[in-house]
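Step one of this worksheet: look at the structure below.
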Amino acid sequence: MSETKRAVVLGAGMAGILAAIKLRETPNVDVVVYEKSDRVGGTWRENTYPGLTCDTPSHHYTYSFARNPNWSRYLPPGPEIQSYFEDVAERFGVYPLTHFGEECIKAEFREGKWELEFASGRKDSAEILIAATGVLHHPNMPNIEGASDFKGALFHSSRWDHSIPLENKRIAVIGSGSTGVQICSALAGKVAQFEHFVRTPQWIMPVDNAPFTAEQIASFQDPDVLAEAMDFEGYSAAVNAYTEALLDDQSEMAQQMAGACLMNLEQSVQDPELKEALRPDHKAMCKRLIFSPDYYQAIQRPNTRLVRSGIKRIVENGIETEDGELYELDIIVYATGFQADRFVRPMDVIGRNGLSLNTLWADYPKAYLALSVPDFPNFFMLNGPNGPVGNFSLVEIAENQWGWVEQLLEPVLSGAASEVCCTAEGMITYEARREEAARKTVWYTGGCNSWYLNAAGIPASWPWAFKDFEAAMANPVWADIDLR
Ligand code: NAP
């Protein structure tokens, strides 16, 4: 029998919970999870803004081994997702494996083991290191002149200050990504005044986010009924159609998606001036497509304004725009997104021969299949650089990725090898192919700027069909793998 190996999972969000559950079930593995915060949930713990919703159908935003019949509506509300992950962590024994309040600051591969250092001074070591540290969690705080002079409350959408009541307040939200749009839908018309500062209008795909009826929820308790409602074949066809549109902006699917967004704008907004102010100047899906049942309705509510003029500065009582207007405010929310290129950083990760991930990623982050880096043995990232992002279920993505990691770990766990990662050549060839394909996607050809683009302006995402991703995860190319 082979020796027990120790595995450390960093992060107890969606992907970390998954890795912990899978490793716990793997014979000869001793698994421990470190989480910098005091709760599981990752993104869904950090984001608590009003209107927080995931745009993936709720029944598909679950692990395949822990379906949830109890979602309240078609698109899952953030607090329900957080409860779901807490419940799964409880039911599948993740809590006893997890140390909370432990932030890993350094991981170095020395003599066959990852030596870990934590901000608390704790040390640990393990043969296997899984980074499930998330993607969008370092807030992007634009440097707007005068921000520190503001006398009201100012915070980032992912750091919502719930101690501040919203009733009768004048609120501005800066940013029109999924976050800004969802906050607008939740608050516009319900506060004294709502100002939506939109630098670049987005295409909005309408979606019916109806609550499930009590009868439906009761029927979903039967796994067969639930599976039927999830319509795996139909869902998979929709995902493939969606990727077809992303990969070729001339495709029929891309035209259909663009047409649906355009019709939504034309039919939902009455005032011609407002309609023009909301009309995007780039191709649909160039930025992450926004699914919203009611944004256009929200922006037309009373006491609600769309502000297209640039922000000149923040002053003590509001925001001054380039056209000389002063918007008097009590609360300013930066829905300005995240630094999407951080991944495991600021943690210092050092592989063989003292090579640091920071050095390797000096231009922009790269990883073989988004999972592995040469000379970083037994180190795998879930939802790492250039993986499939874009309106798909990240839970499903992480499960597929785990399928690949599991296969790579097999020789290490059986004792046939002690170190596994991709080869340097495999990584270079893969990344060249990926970048070439990425330049053909609408993220590149669509005429917009977005967090999908890396520092070199190349889309940082999986640039092939979703079914190709599933196939790649199921079938590792062993010629690209360095086993020692
Ligand atoms: P985002 O998509 O990066 O959008 C940031 C917004 O802030 C953009 O509208 C941007 O304008 C604006 N902005 C940034 N700096 C600005 C400045 N200095 N002045 C004025 N405007 C500025 O961020 P997000 O909305 O937080 O969404 C990030 C990602 O989180 C999403 O794409 C998605 O992956 C995920 N998310 C998902 C859901 C969901 O439903 N599943 C919900 C929320 C978030 P420009 O476009 O002009 O740059």
>> Take G121 and tell me if it is surrounded by fewer than 18 Cβ atoms within 10 Å (Cβ to Cβ) and either within 16 Å of the ligand (Cβ to nearest atom) or in the same structural domain as V32 (by TED's automatic domain parsing) (or both).
In response: yes
> Can you name the condition, by its number, that G177 falls short on among (1) surrounded by 13 or more Cβ atoms within 10 Å (Cβ to Cβ); (2) more than 16 Å from the ligand (Cβ to nearest atom); (3) among the small types (G, A, S); (4) in contact (Cβ under 8 Å) with a residue 24 or more places away in the chain?
Replying inline: (2)
>> Quick check on F85: is it touching a residue at least 60 places away in the same chain (Cβ under 8 Å) and away from the ligand (no atom under 16 Å from the Cβ)?
In response: no
> Does the range 331-356 hold any residues that are at pLDDT below 95 and on the phi > 0 side of the Ramachandran plot, and which are they?
Replying inline: F343, N353
> Condition test on G41, is it within 22 Å of P139 (Cβ to Cβ), among the small types (G, A, S) and free of Cβ contacts under 8 Å to residues at least 40 places away in the same chain?
Replying inline: no
> Which pairs do you get when a residue that is modelled with pLDDT of 95 or more, found in the range 99-120, comes within reach of a residue that is of a type in the set (V, I, T) and surrounded by 19 or more Cβ atoms within 10 Å (Cβ to Cβ), reach meaning Cβ atoms under 6 angstrom, with the pair 6+ apart or on two chains?
Replying inline: A107/V349; E108/I350
> Looking at this structure, is L289 more than 14 Å from the ligand (Cβ to nearest atom) and aliphatic (A, V, I, L, M)?
Replying inline: no
> Does A284 satisfy being under 30 Å from K467 (Cα atoms), of a type in the set (G, A, S) and assigned to a loop (DSSP other than H, G, I, E, B)?
Replying inline: yes
> Hey, K275 hits all of (1) part of a helix (DSSP H, G or I); (2) of a type in the set (K, R); (3) within 28 Å of A460 (Cβ to Cβ) but one; which does it fall short on?
Replying inline: (3)
>> Looking at L369, L394, L382, L453 in this structure, which one is under 17 Å from K287 (Cβ atoms) and touching a helix residue (DSSP H, G or I) at 6+ places or on another chain (Cβ under 8 Å)?
In response: L453
> Got at least one residue in the range 55-78 being under 16 Å from V94 (Cβ atoms) and surrounded by fewer than 16 Cβ atoms within 10 Å (Cβ to Cβ)?
Replying inline: yes
>> For the range 199-230, which positions are surrounded by fewer than 22 Cβ atoms within 10 Å (Cβ to Cβ) and near the ligand (Cβ under 9 Å from one of its atoms)?
In response: R199, T200, P201
>> As an exercise: evaluate F466 against (1) within 24 Å of the chain's Cα centre (by Cα); (2) at pLDDT 95 or above; (3) crowded, with 20+ Cβ neighbours inside 10 Å and give the number of the one condition it does not meet.
In response: (2)
> Taking the range 126-152 as the region of interest, how many residues are more than 16 Å from the ligand (Cβ to nearest atom) and without any contact (Cβ under 8 Å) to a residue 60 or more places away in the chain?
Replying inline: 0
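The values are calculated or read from the model by the stated rules, or taken from the named source; none is laboratory data. Just so it is clear, the model here is predicted, and its values are computed rather than measured. When we count neighbours, we look across all protein chains shown, and the Cβ atoms used for this are built from the backbone with ideal geometry, even at glycine.
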